[in-house]
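A short write-up of the structure that comes next.
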Amino acid sequence: MAEIANVDLHVDLLGKRLAGPVIAASGTFGFGPEYAGIEDLSLLGGISGKGLTLYGQPGNSGERLYETPAGLMNSIGLQNPGVDHFIAHELPAMKALGTTVWANLGGHTVEENVEGVEKLCAAGIDFLELNISCPNVKQGGLAFGIRAADAAGVVGAVRKVCTVPLIVKLSPQAENLPDMCRAVEAAGADGLSLCNTFQACAVDIERRRPVFANTFAGLSGPAVRPIALRMVWQAVGAVSIPVIGLGGILTGRDALEFIMAGAAAVQVGTANFLDPQACVRITREIADWMQGHGVQDLAEIRGCARG
Amino acid sequence: MSATNCKVRVLAQDTVAPDIRRLTVAWGEQRPEFAPHAGQFFMLRAWGAAETPVLSRPISIHEVRGPEGALVFLYQVKGEGTQKLAALRPGDILSLTGPCGNGFDAAAAAAKGRVAVVGGGIGVAPLLQLCKELAAAGRKPELYVGFRDEPYALEAFLPYCAAISVATDSGAAGYHGLVTGILHPEEFDLVLTCGPNVMMQGVYKLCAEKGVPCLASLERKMACGLGACLGCTCHTKVGPKTVCQDGPVFPAEEVFDLG
């Protein structure tokens, strides 16, 4: 962190050292090399790669993007090349970016998740982010993210084979978020990340049909931030494992809100589209605020808003 | 690594037709790995990250000018994003991300033999730089362009084309009808096209009937422009491809049907 002086931005997370508190969120950053010409990726806390499934899938047809006044709806449908292709063709370049590698995996079944986790851990990753929260695939994905018992089942099975820190990415659609957090922790998760996108809908009034082929799509961006922050606050209160906060973070001040609510680190997603240098800019804005307020280490303010 | 992100200064904003503008910016980026070429595009943003529209706007490169490296964009003013671009005045600053996409390989195209370049409406935007690069490679193309009504932006093509043929829906200029009514692919070894999908589909059909290869440049809504978000995926006959990174230029037979 030679470029950002005078404050200590590093985060110790589950035995790994993150250079900074900002992690690029899954689905918005490819596997990382896409942004190598755009910002200094060594300043990031990590990169969570595009969501994988064991066998890969082509994703959804029809519209995939729709802008809202302060947000973005997407219906990508977990388009991905599959775990084997990722390991052979994407992971080596991702490992060379000088930041921690987060593999984001979602599966249609418990067995697919287990097999994918085994392969990813054997290939060498820093964190496994288990996605039980994608709203855009009909099977799996969100199916595990609604009821606490379903989530605990898949997390427990994955836990047995996961040899790296296991972060479970939660959905705001969970029936009861604190119960969900506690169930996932009890099933063996090392950490939580939330929120994935909020299920939303748009209608094309000229076509008189939903904009998206699946009718519903996931809403992200600044529009969801205060709700995501409330959910992160609840999650931090419900568990004793680290919580990674995300949802509409666009500035350093936004990120500091999540950290003061108790988040161990943050992820930045949609902001990468609004500003391709968002992750590094937000990191610098956090540092500037810390310098201006005499804060040397994020640990001094983490969770401070909880009193 | 192919794209960068930087702030650039507006040099000129010209009205080309009632809803068509030509925006010229100083392209300060001199590193060779970021040298733009025909068929590539940039993500343009003349408003803050917290302002609407949420997404930046993908606009193709109309022309790369001279050693000073000015970049020219030709675009149609349609919605909030392009209205904000149209409000830019000389000296204003905007954000560019790019160059994005594969673009046309003019040297390879020129090596094929006789080249026809076919555009429709604002689809002519990326074709100027293409004709320029083809001419530089020793192969001035024949340009076929279709417009709804009055043609625009064609003077700039004159030095780089062996011939220019115009078709208009209204009959305002040239042939009264579709551009596919004046194109004879059998006279060429390669056809390169950009325009409305229905036009490119028609061009591809003509080419396929005569066995002439055809490359088409597609347009999609995009969020990142970098191949990262998969918001612009085109389900081609050889699998899902990103229009922003794998494209926007594709072999026409991979993205269009004959039916």
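Some notes on this structure:
- Share of pairwise Cα separations in the protein assembly as shown, more than 44 Å, in percent: 21 percent
- Total charge dipole magnitude, region B:4-100, about the Cα centre, Cβ charges on Lys, Arg, Asp, Glu only, Debye to nearest 20: 100 debye
- Using the Cβ-Cβ distance between B:D257 and B:A17 with R0 set to 25 Å, the FRET efficiency works out to roughly 0.15.
- Options A:L13, A:C134, A:L166, ranked by Cα towards positive dipole end of region A:11-306, top entry (Cβ charges): A:C134
- With contacts taken as Cα pairs under 8 Å and at least 6 residues apart, chain B reaches a relative contact order of 17 percent.
- Across peptide B:112-119, the average count of Cβ atoms from other chains found within 10 Å of a residue's Cβ is 0.
- Put in order of Cβ neighbour count within 10 Å, fewest first, the listed residues A:D150, B:D14 become B:D14, A:D150.
- Taking other C-beta atoms within 10 Å as the exposure proxy, A:L78, B:L218 rank B:L218, A:L78 from fewest upward.
- Average partner coverage of A:30-43, which counts Cβ from other chains inside 10 Å: 4
- Protection proxy ranking of B:85-92, B:225-232 - average other beta-carbon atoms within 10 Å, highest first: B:225-232, B:85-92
- Computed from phi, the 3J(HN,Hα) profile of region B:2-18 under the Karplus parametrisation 6.51, -1.76, 1.60 (θ = phi - 60°) reads 9, 10, 10, 9, 8, 8, 10, 9, 6, 9, 7, 9, 10, 8, 9, 7, x Hz, with x in place of Gly and Pro.
- Note on A:K16, B:K241: ascending count of other Cβ atoms within 10 Å places them as A:K16, B:K241, the fewest first.
- Unit charges at the beta carbon, dipole of region A:191-307: most positive-side option, A:A278, A:A213, A:V268: A:A213
- Dipole of region B:106-255 [Lys/Arg +1, Asp/Glu -1 at C-beta], most positive-end residue of B:H176, B:P126, B:H235: B:H235
- Neighbouring Cβ atoms from other chains, within 10 Å of the Cβ of residues in B:3-13, number 2 on average.
- Scalar couplings 3J(HN,Hα) for region B:178-192, obtained by applying the Karplus form with A = 6.51, B = -1.76, C = 1.60 to θ = phi - 60°, are 7, 5, 5, x, 10, 8, 10, x, 5, 7, 10, 9, 7, 10, 10 Hz; x denotes Gly and Pro.
- Debye-formula intensities of region A:153-307, expressed as log10 I(q)/I(0) at q = 0.18, 0.21 Å⁻¹, are -1.09, -1.28 (one equal scatterer per alpha-carbon, no solvent).
- Where a label projected 7 Å from the Cα of B:L158 along Cα→Cβ would reach, residues of region B:91-134 with amide N under 18 Å: B:128-129, B:131-132
- Residue-count net charge about B:G239 - beta-carbon cut-off 10 Å; Lys, Arg +1, Asp, Glu -1: 0
- Rounded to the nearest 10 degrees, the inclination of helix B:127-136 to the longest alpha-carbon principal axis of chain B is 70 degrees.
- Net charge over other residues, Cβ less than 14 angstrom from the Cβ of A:A123 (K, R count +1; D, E count -1): -3
- The GluC sites (Glu not before Pro) of region A:1-92 that meet both conditions, a loop assignment by DSSP and at most 15 other Cβ atoms within 10 Å of the site Cβ, are A:E3.
- Taking each DSSP H run with n ≥ 4 as -39500 (n - 2.57) and averaging over every residue of chain B yields -4500 deg cm²/dmol at 222 nm.
- Cβ-placed point charges (K, R +1; D, E -1), dipole of the protein assembly as shown about Cα centre in debye, nearest 20: 420 debye
- Interchain or long-range residues, amide H under 5 Å from A:L170's placed H: A:S193, A:L194, A:N196
- Relative to the dominant Cα principal axis of chain B, helix B:197-210 is inclined by about 40°.
- Dividing the mean sequence gap of close Cα pairs (under 8 Å, 6+ apart) by how many residues chain A holds gives a relative contact order of 19 percent.
- Rounded to the nearest 20 debye, dipole of region B:106-255 from Cβ charges on Lys, Arg, Asp, Glu: 320 debye
- Among the listed pairs B:K78/B:K205; B:K210/B:K237; A:K16/B:K221, those with a Cα-Cα distance over 27 Å are B:K78/B:K205; A:K16/B:K221.
- Charge tally in the Cβ shell below 15 Å around B:K205, where Lys, Arg are +1 and Asp, Glu are -1, B:K205 excluded: -4
- Rounded FRET efficiency, nearest 0.05, which uses the C-beta distance separating A:S61 from B:K78 and R0 of 22 Å: 0.35
Each value in this text was obtained by applying a stated rule to the coordinates, not by laboratory testing. Note that the structure is a prediction, hence the values are computed from the model and not measured. Here Cβ is always computed from backbone atoms with ideal geometry, including for glycine, and neighbour counts include all displayed protein chains.
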